[in-house]
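Chemist: Please see the structure below; I have some questions.
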Amino acid sequence: MAEAENVDTADIPVEIPTVRDEDGRVSEDFLALVEAGVEAENAPALIGLVGDLHEADVADLIESLPEASRVPLVRLLGDEFDYATLTELDEAVRLRILEELPSDTLAEGIGELDSDDAVYILEDLDAEDQAAILDQLPYSDRVQLQRSLDYPEESAGRLMQTDFIAVPPFWSVGQTIDYMRESKDLPDTFHEIFAVDPGFRLTGSVPLDKILRTKRATKISAIMTEDPPTFKATDDREEVARSFERYNLVSAPAVDDAGRLVGMLMIDDIVDVIQEEAEEDLRGLAGLGDEEISDAVLVTARSRFNWLFVNLGTAILASVVISLFEGTIEAMVALAVLMPIVASMGGNAGTQTMTVAVRALATQELDGRNMWRVLRREVLVSLLNGVALATIIGVAAALWFASIGLGVVIGVAIVINLLFAGLSGLLIPVVLEKINVDPAIASSVFVTTVTDVVGFFAFLWIAALWFGLPL
C-alpha cells in the first residue's frame with residue numbers, strides 16, 4: 001500500500017494517513033488533506049504530501065479531486081510535479097489540465113520525460129498547441145518528438161522510445177560497459193543494447209544479463225542475436241502487442257523502412273496497448289465507442305445516442321413481426337406472457353457466442369482455416385443447450401398453463417432461436433470484419449435483431465400452426 005512520507009509542518013499532521021484505503025482507492029483522509037492544502041495554496045505542505053508519490057498514485061489522486069482543484073494542485077507542486085503522471089490520467093482529465101497550463105510550463109515538464117511518454121501526451125493536442133510546445137524544446141528533442149508524431153496514430157512509432165544504446169558489433173564487452181558507465185544520455189530503463197553498422201542499420205541485439213556474464217574481451221558480435229524480433233515503426237501497434245505477448249518479449253528494436261534503428265519498444269507501453277485494446281473491445285460490445293468515465297454529460301450522451309438510435313430501429317422491426325400475429329396473440333393470451341422468454345434466451349445465447357467470436361477475431365484465433373470447425377462447434381453447443389432449455393421451459397409452460405401443446409410450441413421455438421443465436425453470434429462478427437466494420441461495436445445490434453425477430457416469428461408461427469389460430 002502506497003504511503004506518503006511523514007512531513008513535520010505546522011499545516012499538516014505529523015502522521016500522514018495512508019494514500020490508499022483497504023480497497024485500493026485514494027483514502028478519504030488523505031484526499032481531505034490534499035484538498036485543504038490546495039484551498040490554502042500551501043505549496044510546501046502539498047509537496048510534502050504528494051511530491052514523493054508514484055505517478056500512478058498521483059494520477060488517481062488528481063482524478064479523485066474536484067475538477068476545480070486539479071490544475072491548482074499541479075501548479076502548486078511546480079517542479080516537483082512529475083509530468084509522467086499525465087500519461088496515467090483519463091484522456092478527458094488530461095486534456096483539461098493541458099488546456100489550462102501555459103505552453104512554457106508544459107514544454108519544461110514534457111522535455112524531462114522519456115520520448116514515448118512525451119509523444120503520448122503531445123498526440124492528444126491539436127497541431128497548433130503541439131507546435132507551441134515543441135518550439136520551446138531543444139532542437140534535438142524537438143526533432144525526435146516530431147519524427148515520432150509524424151508516424152501514424154496507431155503505429156509502433158508512437159510507442160517507441162527514441163533513446164537507446166547502440167554500439168558497433170566490433171566493440172568488446174568491456175568497451176560497451178565502459179561506454180554505458182561514462183555516458184550521461186542513457187535511457188532511464190533498458191533491457192538490451194543494439195549492434196548497428198556504420199549506416200545505423202540493425203545487425204543484432206544483446207540482453208544486459210548476457211553482457212554482465214561475459215568476459216570483457218569478448219566481442220559484441222560473438223554474443224549478439226543476429227536476427228532479433230524487430231518491428232517497423234509503421235507497424236500497427238496492436239500487431240506489435242500481439243507479438244510481444246506471443247514471444248514473451250520485454251523490449252524490441254524498431255526500425256524504419258530502410259532497416260535503420262530508430263527506437264526501442266518497451267513492455268510497459270505494450271501492456272498499456274493490450275489493456276486499451278481490451279477496454280476498447282469491451283466498450284464496443286456495449287456500443288460505447290471510446291467513452292471515458294470522466295467525459296462530460298453531453299459528450300457521453302452524444303457518443304451513446306447513435307447506437308441507441310440504431311437499436312430503436314431494430315426494436316421497431318421486432319414489433320412489426322409481432323404485429324403480424326395480432327390475431328394469434330388475441331386468441332391465446334398466454335403467448336404474450338411467454339414471448340419474452342424465447343427472445344431473451346436467444347439474445348443471451350447470441351451474446352455469449354458473439355463475445356467469444358469478437359475476442360477470437362481480435363486475437364486472430366479465428367480465421368478461414370478454423371472457421372468451419374468453430375461453426376460446427378457452435379451449432380452443436382446451441383442444439384445441446386437448446387434441447388436442455390426447451391425441456392425445462394416446455395415442462396414449466398405445460399404445467400403453468402395446463403397445456404402440453406403450449407409446452408411443445410415454446411420448446412421448439414427455443415431450439416430454433418438458440419440455433420440461430422449461435423449462427424448469428426459467430427457469422428455476423430466475421431462478416432462485419434470482412435467488410436471493414438468493427439465487429440466489437442456493430443455486432444450486438446445485429447445479433448439482438450436476429451434473435452428477437454427469429455424468436456418472435458418462430459414462436460408465434462408455430463403456435464398458430466399447432467393450435468390452428470388466426471394470423
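Residue-by-condition table, conditions (1) farther than 17 Å from Gly422 by Cα; (2) among the hydrophobic types (A, V, I, L, M, F, W, C):
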| site | (1), (2) |
| --- | --- |
| Val310 | yes, yes |
| Leu317 | yes, yes |
| Gly327 | yes, no |
| Ala336 | yes, yes |
| Met339 | yes, yes |
| Ala343 | no, yes |
| Ala349 | no, yes |
| Gln352 | no, no |
| Ala357 | no, yes |
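Chemist: What is the residue count in the stretch 82-106 for residues that are within 15 Å of Asp57 (Cα to Cα) and of a type in the set (Gly, Ala, Ser)?
Modeler: So the count comes out to 1.
Chemist: Separate question: Could you grab me the full set of residues in the stretch 231-285 that are touching a residue at least 40 places away in the same chain (Cβ under 8 Å) and β-branched (Val, Ile, Thr)?
Modeler: Thr234, Val240, Val250, Val255, Val262, Ile270, Val273
Chemist: Moving on to the next point. Within the stretch 18-38, identify whether any single residue is surrounded by fewer than 17 Cβ atoms within 10 Å (Cβ to Cβ), more than 27 Å from the chain's Cα centre (by Cα), assigned to a loop (DSSP other than H, G, I, E, B) and modelled with pLDDT under 85, and answer yes or no.
Modeler: yes
Chemist: Separate question: Would you please name the residue that is surrounded by the fewest Cβ atoms within 10 Å (Cβ to Cβ), looking only at residues in the stretch 432-467 that are more than 13 Å from Thr314 (Cβ to Cβ) and without any contact (Cβ under 8 Å) to a residue 60 or more places away in the chain?
Modeler: Asn436
Chemist: Considering only the stretch 174-186, I want to know if a residue exists there that is in contact (Cβ under 8 Å) with a residue 60 or more places away in the chain, surrounded by 15 or more Cβ atoms within 10 Å (Cβ to Cβ) and within 30 Å of Glu112 (Cβ to Cβ).
Modeler: No, the stretch 174-186 contains no residue that is in contact (Cβ under 8 Å) with a residue 60 or more places away in the chain, surrounded by 15 or more Cβ atoms within 10 Å (Cβ to Cβ) and within 30 Å of Glu112 (Cβ to Cβ).
Chemist: Does Asp141 fit the bill of being under 28 Å from Val196 (Cβ atoms), within 21 Å of the chain's Cα centre (by Cα), modelled with pLDDT under 90 and buried (at least 16 other Cβ atoms within 10 Å of the Cβ)?
Modeler: For Asp141, the condition - under 28 Å from Val196 (Cβ atoms), within 21 Å of the chain's Cα centre (by Cα), modelled with pLDDT under 90 and buried (at least 16 other Cβ atoms within 10 Å of the Cβ) - is not met.
Chemist: Moving on to the next point. Considering each of Leu113, Leu73, Leu106, Leu86 in turn, give the residue that is in a loop (DSSP other than H, G, I, E, B) and surrounded by 18 or more Cβ atoms within 10 Å (Cβ to Cβ).
Modeler: Testing whether each residue is in a loop (DSSP other than H, G, I, E, B) and surrounded by 18 or more Cβ atoms within 10 Å (Cβ to Cβ) leaves just Leu113.
Chemist: Let me ask something else. Can you name the number of the only condition in (1) buried (at least 18 other Cβ atoms within 10 Å of the Cβ); (2) among the small types (Gly, Ala, Ser); (3) more than 17 Å from Ala343 (Cα to Cα) that Gly405 fails?
Modeler: (1)
Chemist: Those residues that are of a type outside the set (A, V, I, L, M, F, W, C) and modelled with pLDDT under 80, I need them from the stretch 432-463; list them, please.
Modeler: Asp438
Chemist: Across the stretch 132-173, what is the total count of residues that are assigned to a loop (DSSP other than H, G, I, E, B) and either on the phi > 0 side of the Ramachandran plot or not β-branched (Val, Ile, Thr) (or both)?
Modeler: Residues flagged as assigned to a loop (DSSP other than H, G, I, E, B) and either on the phi > 0 side of the Ramachandran plot or not β-branched (Val, Ile, Thr) (or both) within the stretch 132-173 amount to 17.
Chemist: Being outside any loop (DSSP other than H, G, I, E, B) and under 20 Å from Asp163 (Cβ atoms) narrows it down to one residue among Ile270, Ile274; which is it?
Modeler: The conditions single out Ile270.
Chemist: Please find, among Val395, Val412, Val381, Val358, the residue that is loosely packed, with under 15 Cβ neighbours inside 10 Å, among the β-branched types (Val, Ile, Thr) and touching a residue at least 12 places away in the same chain (Cβ under 8 Å).
Modeler: Selected residue: Val395, the only one of Val395, Val412, Val381, Val358 that is loosely packed, with under 15 Cβ neighbours inside 10 Å, among the β-branched types (Val, Ile, Thr) and touching a residue at least 12 places away in the same chain (Cβ under 8 Å).
Chemist: To continue, here is another question. Quick one: which residue in Pro429, Pro470 is in contact (Cβ under 8 Å) with a residue 12 or more places away in the chain and part of a loop (DSSP other than H, G, I, E, B)?
Modeler: Testing whether each residue is in contact (Cβ under 8 Å) with a residue 12 or more places away in the chain and part of a loop (DSSP other than H, G, I, E, B) leaves just Pro470.
The values are calculated or read from the model by the stated rules, or taken from the named source; none is laboratory data. Computed from a predicted model, the values in this text were never measured in an experiment. Glycine gets a Cβ as well: all are built from the backbone with ideal geometry, and neighbour counts include every protein chain shown.
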